[in-house]
1. Look through LYS148, LYS230 and report the one residue that is at negative phi, out of contact with any Asp or Glu (no Cβ under 9 Å at 6 or more places or on another chain) and not hydroxyl-bearing (Ser, Thr, Tyr).
2. Tally time: how many residues in segment 267-307 are within 12 Å of VAL245 (Cα to Cα) and surrounded by fewer than 16 Cβ atoms within 10 Å (Cβ to Cβ)?
3. Does any residue of segment 27-48 turn out to be exposed (fewer than 12 other Cβ atoms within 10 Å of the Cβ), in a strand (DSSP E or B) and modelled with pLDDT of 95 or more?
4. Going residue by residue through segment 156-167, is there one that turns out to be under 19 Å from ASN46 (Cα atoms) and crowded, with 17+ Cβ neighbours inside 10 Å?
5. Checking the structure you have, find out if any residue of segment 344-354 is under 30 Å from LYS224 (Cα atoms) and of a type outside the set (Val, Ile, Thr).
6. Is segment 201-210 home to any residue that is touching a Cys at 6+ places or on another chain (Cβ under 7 Å), surrounded by 20 or more Cβ atoms within 10 Å (Cβ to Cβ) and over 30 Å from THR272 (Cβ atoms)?
7. In segment 330-345, what count of residues is obtained for those that are within 18 Å of ASP56 (Cα to Cα) and surrounded by fewer than 24 Cβ atoms within 10 Å (Cβ to Cβ)?
8. State all residues of segment 67-91 that are of a type in the set (Ser, Thr, Tyr) and in contact (Cβ under 8 Å) with a residue 24 or more places away in the chain; if no residue qualifies, say none.
Amino acid sequence: MTKKVKRATCSLLALLLVTTAAAQKYTVTALGALPGFTSSYADDNNNTGLVTGCSDNSVYPTVPCTTNIAADAFLWSSNGFQDLHHLSGDDQSIGYVVNDSGVVVGSSANTTTGVYHGFVWTNPGPMVGLPDLPGGSGYTFATAITSKGVIVGESATSNGDEHVVLWTKSQGSYHVHNAACLPSAPYCYADDINESLQVTGTAYFFNNNSKYHAFLWSRAAGWKDLGTLKGGNSYAVWLNNSGTVVGASTSAKYPNGVVVYWDGTGIHPIGTLRGGTSSAPGFISDAGEILGDSTVTGGADHAFIWTKAAGMQDLNKMIPKNSGWVLHHASSISNSGQIVGYGTINGVNQAFLLTPKQ
């Protein structure tokens, strides 16, 4: 067999892999909204069918739960919604992550004062506020939780900096542990923690947001600046149990940012959907699937799924035609392949659940 035939065989195999991956189709379910609200956004789903996120009264093109209006965190299952409400004195809450035990972490806020409080919610509730660092201003933010209940987020310090913190539960109470911040960066915001207790997020070097870098931290290895594409800034949002981090970086080619992932060999951009100029991350699974959104021709945001075999695929092309949906962002994927995120159905803001067709 000649080299030419071998290359053709490899090309055919690659084409078959891409075609197979692209053939996946999904049914799409509108999750609806909590009573008293009109729109919703799904942030995370677990492996038992639970979904968490937020409901408010935003109207497209405003993205739900991104503005200073009243909102409530929710927990959704096939039986419907459960309103997680908010902490006393607050009027806005968002659920960010639900683990496989059904424990939700997120933020509760007072839209008048602008102060945020990290919370943890365990069935049947109510939500519990998480303590801040000694001398802090009361500001905390909880963003992720492990299967064993270790929570990660950030807290204000006595001098106004922001540090990564871990919360653990002992004798019925949560205790805060200061992990500090990337050296020379006063503001560090954690976004995710994996089962090995590695933490990723974003470090800001100046309070004008002119320089920020994604980081990876663990007690064993300490702080690591993950770097950026040439000449840009970067941020991180998620990491899997292999320690691969997903986020975004700006560069001369992508001034508005492009999704990247960091592994043991460096930083890797994954590009945009056809016609797009930027992309934003949402999630990376243990299988290496990356979710998020990308602009397309005309500037709209479309939800995508990316794999090394198939590249970036527009999820709008993987649901029934003429469904009335535009899927704008994909936030999370379960082990069974169910995807949650945010879109519009006939122009109305709505959380969605995609289920793979067999």
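The values are calculated or read from the model by the stated rules, or taken from the named source; none is laboratory data. Remember, predicted model here, so these are calculated numbers, not experimental data. Note that we place each Cβ from the backbone using ideal geometry, even for glycine, and neighbour counts take in every protein chain shown.
1. It is LYS230.
2. So the answer is 2.
3. no
4. no
5. So far as segment 344-354 goes, no, none of its residues is under 30 Å from LYS224 (Cα atoms) and of a type outside the set (Val, Ile, Thr).
6. No: segment 201-210 contains no residue that is touching a Cys at 6+ places or on another chain (Cβ under 7 Å), surrounded by 20 or more Cβ atoms within 10 Å (Cβ to Cβ) and over 30 Å from THR272 (Cβ atoms).
7. Of the residues in that region, 2 qualify.
8. SER77, SER78
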